[in-house]
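Data first, discussion second: the structure below is written as structure tokens.
Values in this text are rule-based calculations from the coordinates and carry no lab data. Everything numeric here is computed off the predicted structure, so don't read it as measured data. Note that each Cβ is placed from the backbone with ideal geometry, even for glycine, and that neighbours are counted across all protein chains shown.
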Amino acid sequence: MSVPNPDAAISLVDVHKRFGDVRAVDGVTLDVAEGEFLTLLGPSGCGKTTTMRMIAGFEEPDAGRILLRGHDVVGVPPNRREVNMCFQHYALFPHMNVEDNVAYGLKLRKVPKEERRRRVAEMLEVVRLEGFEKRRPGQLSGGQQQRVALARALVNRPAALLLDEPLGALDVKLRKQMQLELKRIQHELRTTFVYVTHDQEEALSMSDRIAVMNRGVIEQLGTPREVYERPATPFVADFVGVLNAIEFRADEVRAGEAVMRLGDGDRIVAPAPDGRIGGAAIVTVRPERIRVHTPDEPVVGDSRVSGTVGQVVYLGTLTQFHVELAGGRRLIAHRLSDERAASILEGDRVVLSWDRDDAAIVRD
Amino acid sequence: MTTTARVELSAPPVAPRARRRRGLLGLLAAPTGFLALFFLVPVLMVAAYSVGLLTLLPHDLYLSLQPWRDFFASETHVGLFWKSVRLSVVVSAVSVLLAYPIAYALALVAGRRKYTLLLVILAPFLTSYLLRVLAWRVILGDEGLIITLLRDVGVLGPEGQISWLFYSPFAVYVVLAYVWVPFVALPIFVTLDGMDRDLLEASHDLGATRWTTFLRVTLPLSVPGVVAAFVFVFIPTIGEYVTPLLVGGPNGFFFGNAIQGAILQGFDWQFGAAMAMFLVGTVTVLLVLFGRYLNVRAVAE
Amino acid sequence: MSPAISPGGRRALWVGFWVFVVFLYAPIVVLIVFSFNDRSTVSFPWEGFTLRWYRAFVENPTLLGALRTSAYVALLTGLATTLLAIPAAILLVRRRFAGKGLVTGLLLAPLVIPLIVFGVALLILFKNLEASTGGLVTVSRYTVVVGHTVVALPFAILTIVPRLERIPPSYEEAARDLGADAFTSFRTVTFPLIAPAVVAAFLISVVISFDEIVIASFVAGEDTTFPLYLFSQLRLPQSLPQVIAVAVVVMGVSGAIVVASEVGIRIADRRLEAELGVAAGEVATLTGGTKGAA
């Protein structure tokens, strides 16, 4: 069993939780560093919320250890854990005004009135809600309620802030805005954030690290770039939105790479650091890494495949090409929407190419 | 950060499951304990008492089915039971018939005013039961409004009476129906109000007349409300003895009066206990038969 | 055109409705009117307006004593019922545990027992206790309180439950998360939010108790509650006029209490909706959503 890092803000060691016959969390081990923004990403039912609720103390693990700043907190009720939570629908107390909501935790902690007032004011400034002290939650917009919820949790200076899909109830535009706000606040206060979401875009844009969860286990833990560009499993690849996944069998394995030959000089080259490719595997490559060449253009890159343009989708800055390959395979490539891109039409023959290190082999 | 100390200094954490169980017990103890002690135990004691597992009065029989045998052998008492059943059935049925169109009007026709109007209907039910009975004494009584009015008009002579009007089973029926009818409207209203209105539209669109729609759609869907209303009037009226005492006269003597008499006047407690348990049995049968229709909450709200 | 009713039917239905309302209220109006009739029997003809029946009841010590007893019993019943109904409602709405079906059944069972049976049962219980404690426990106004509390409890519980159901459990969790222990979270968050329903439950219990005669007639012992007094007077025609005068007052007060609490709780509900504000539509998802293993 792994030893938890004593410097971590939060450590989970082989945590299990079942509800009836369902293994909601099935052996999660995770260290969250001080000041880190860590996201638990996964579809509903993957165990991310249960994991968070176990950190907060609303659920107790059946097995495993949970440490907050090195102290085992299993069995400690939520009110005696030094983490605070932002609830999905904010859960602002409707019978209290903004000030009383934010001061709630401080009052319970018997913080003297003057200090309380000062800290509440400070925190309302951080979330940019000065002047809203006397409003009731019902008189605030969704975004404002969200800020109050943040202030109410952060004013207690928790060891970590837990956020349960905090932006789920907001519309798209506000959500983008609040993503930036959250990032700014986290930066300003250097508080550890544990963020739960099913929105991969949100996860990628905000997190220092992402733990992609599926069926109660962490399938991959890494930086957004790692998760996005080097998905560890087909599930991760699919969930973070990898569009191109090609079944791969190695025809040749040589120093650090594997090659699949497709005839006509077409080939796919992927890195294989351990030099072994066994069993079924897929190769992923992100659409924006694929170059689209007209047959007359010179082709550069380790992998090259030719095909016919099926569908052309204009996405604004980028144009998306769906390219049919031999054998019923299909790849999606993005290219800047320039003049040349505009000249490629449905039915045209094209050649796709990419560099070896832009591809990744994912094994089941 | 100062908050770290909280965890260290706190008492050793209670195992979560034990903590949760303690919380549960804290909530459970008072209300269930109270009802167990003052509701369940007494009712079980009646059962025990009726067969002499328990004795109280000097002449009580020890371990004997005699009270039950006496009851089943007494044509008078079994007869009173059926008389009460008839009373309850008729009162429940009449109340349902009267209340149904009212509930229908409120739920499906009244629109936004429906809750206000519902309160108008329910308010009398919520005021004193005895006083409503009293009002009917004033109306139906020997020197009451109807009689004195009829005498003044000359339909009756100066000392004229209508024997069936007061101190009669008729008076008991009228008063009980009056007392319970607002209550009956409530469960029917709740089911009709909760009905998917699109069903009516759909039926109408399919060419059904309103009458057919009512018979084929609305009425069947409101059956649970009707049954609930029926049961919730039947249960309190089957043991009624106060209203019969006040307006029933010599012929207005029902099963409840027999029980009350056995206990409070005859001091034949075991016999009374047997009859009371017989009522419990009746109600239980009723609940087993119709229990699935009863949405208690709808009634209480 | 409404598929529920034809225009003619609508008219007929409303005529029926108001006839029904008249039927419901006429006897009550009769009582009120005749409480002012200057005649020693309650009957026609009208012999002029008088307040003497009201004066008579205000000067009747037995009657006032009975009213006082009933008020005392009703207040105690209201308190006891409310104190028991709050944990019971929390239990039913917030907790899942083995045997919950049975507990629910027990808590609501008093709704489906004929009162006369329960009256007999309580009498036998208290007579047994009296015998076994050597007269320490005896039937009195306090045993009436016990009986009335049992009878009123389901109504009180069912008044609080719907309100509690509308309060998302995440409020309590938020309070706990911010450092409140279970009781503090109840005191500072849950209770203020369910307070209107608690008040309504209290008032409903008071009104039920004040009006209850069956249980009282079995276990009141030497004490006389107002309904018991009323009942004893109803058979004497000469005391009827002043009894009717009290009746009118009592009916007015208890009617006002009940209507006020009904209206009050409806207003409070609407206010809660408003306070939940933007998230109002999501309360349902919230209530159900936090339980899953998302």
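What do you get for the angle between helix A:142-154 and the principal long axis of chain A? Use alpha-carbon atoms, 0 to 90 degrees, nearest ten.
With both axes taken from Cα atoms, the answer is about 70 degrees.
For chain A, what is the relative contact order in percent, using Cα pairs closer than 8 Å and at least 6 residues apart in sequence?
That works out to 15 percent.
Which one, B:Val283, B:Val96, B:Val120, has the greatest fluctuation when you compute a Gaussian network model over chain B with C-alpha springs under 10 angstrom?
B:Val120
What are the ³J(HN,Hα) couplings of region A:203-215, residue after residue, when phi is run through the Karplus curve with 6.51, -1.76, 1.60 and θ = phi - 60°? Round to Hz, x for glycine and proline.
Couplings: 4, 5, 7, 10, 7, 7, 9, 10, 10, 8, 10, 8, 6 Hz.
Taking 60 Å as R0, compute the FRET efficiency from the Cβ-Cβ separation of C:Leu79 and A:Asp355 and round it to 0.05.
0.15
Could you give the distance between the Cα centres of region B:215-267 and region C:59-116, to the whole Å?
Distance between centres, Cα-based: 22 Å.
Going 7 Å from the Cα of A:Glu339 in the Cα-to-Cβ direction, what parts of region A:288-317 have a backbone nitrogen less than 14 Å from that spot?
none
Applying 1/(1 + (r/R0)^6) with R0 = 56 Å to the Cβ-Cβ distance of C:Thr50 and C:Ser140, what FRET efficiency is obtained, to the nearest 0.05?
After rounding, the FRET efficiency stands at 0.90.
Per-residue mean of other chain beta-carbon atoms within 10 angstrom of the beta-carbon, peptide C:213-219?
3
What is chain B by shape, rounded, prolate or oblate, if you read a ≥ b ≥ c off the alpha carbon gyration tensor as root eigenvalues and call it rounded for a/c under 1.5, prolate for a/b larger than b/c, and oblate otherwise?
Oblate shape, in that a/c is at least 1.5 and b/c is the bigger or equal ratio.
Partner chain Cβ atoms within 10 Å, averaged over the residues of B:236-246 - can you pull that number for me?
That works out to 4 on average.
Could you compute how fast region A:64-212 diffuses translationally, taking Rh as the Kirkwood radius over C-alpha pairs and applying Stokes-Einstein at 37 °C with viscosity 0.692 mPa s? Give it in µm² per second.
Diffusion coefficient, whole number: 205 µm²/s.
Provide the FRET efficiency to the nearest 0.05 for the B:Val85-C:Ser6 pair, computing r from the beta carbons and using R0 = 35 Å.
Efficiency for this residue pair is about 0.35.
Please give the net charge around A:Gln144, taking every other residue with its beta carbon less than 11 angstrom from that of A:Gln144, where Lys and Arg add +1 and Asp and Glu add -1.
+3
In the protein assembly as shown, if every C-alpha pair distance is counted and binned at 20 Å from zero, what percent goes to each bin?
For the protein assembly as shown, the binned pair fractions read 11, 31, 28, 19, 8, 2, 0 percent.
How much of the calculated P(r) for chain C lies past 24 Å, in percent of all Cα pairs?
Of the Cα pairs, 65 percent sit more than 24 Å apart.
Rounding to the nearest 10 and keeping the result within 0 to 90°, find how far the Cα-based axis of helix A:113-126 lies from the longest principal axis of chain A.
Its long axis makes an angle of about 20 degrees.
Within chain C, which DSSP H helices have Cα atoms that stretch 30 Å or more along the helix axis and a mean Kyte-Doolittle hydropathy of at least 0.5?
Answer set is C:7-34, C:61-94, C:141-166, C:240-276.
Report, in deg cm²/dmol and to the nearest 500, the calculated mean residue ellipticity at 222 nm for chain B, where each DSSP H run with n ≥ 4 adds -39500 (n - 2.57) and the sum is divided by the residue count.
-20500 deg cm²/dmol
Taking every residue in C:23-29, how many Cβ atoms of other protein chains lie within 10 Å of its Cβ, on average?
The shielding value for this peptide is 6.
Just to confirm a number: summing +1 for Lys and Arg and -1 for Asp and Glu over residues other than A:Leu262 whose beta-carbon lies under 15 angstrom from that of A:Leu262, what do you get?
Computed value for this residue: -1.
Over region B:157-277, what is the relative contact order in percent, taking alpha-carbon pairs closer than 8 angstrom and at least six residues apart?
Here the relative contact order equals 33 percent.
Pick out which of A:Val212, A:Val300, A:Val283 has the largest mean-square fluctuation in a Gaussian network model of chain A, springs linking Cα atoms closer than 10 Å.
Its mean-square fluctuation being the largest, the pick is A:Val300.
With N residues in region B:46-89, what two-decimal value do you get for its Cα radius of gyration over 2.2 N^0.38 Å?
In units of the globular-protein estimate, region B:46-89 measures up at 1.41.
Within the P(r) computed for region B:152-301, what percentage of the Cα pairs occupies the region above 27 Å?
46
Gaussian network model of chain B, Cα springs within a sub-10 Å range: biggest mean-square fluctuation belongs to which of B:Pro250, B:Pro158, B:Pro182?
Among B:Pro250, B:Pro158, B:Pro182, the largest GNM mean-square fluctuation belongs to B:Pro158.
Per the Kirkwood formula on distinct C-alpha pairs, the Rh of region C:56-196 is how many angstrom?
17.8
So between A:Glu226 and A:Ala326, what do we pick up on full extension, going 0.36 nm a residue minus the alpha carbon distance?
Computed gain between A:Glu226 and A:Ala326 is 33.0 nm.
Suppose a student asked you for the relative contact order of chain B, using Cα pairs under 8 Å spaced at least 6 residues apart; what percent would you report?
Relative contact order for chain B comes out at 25 percent.
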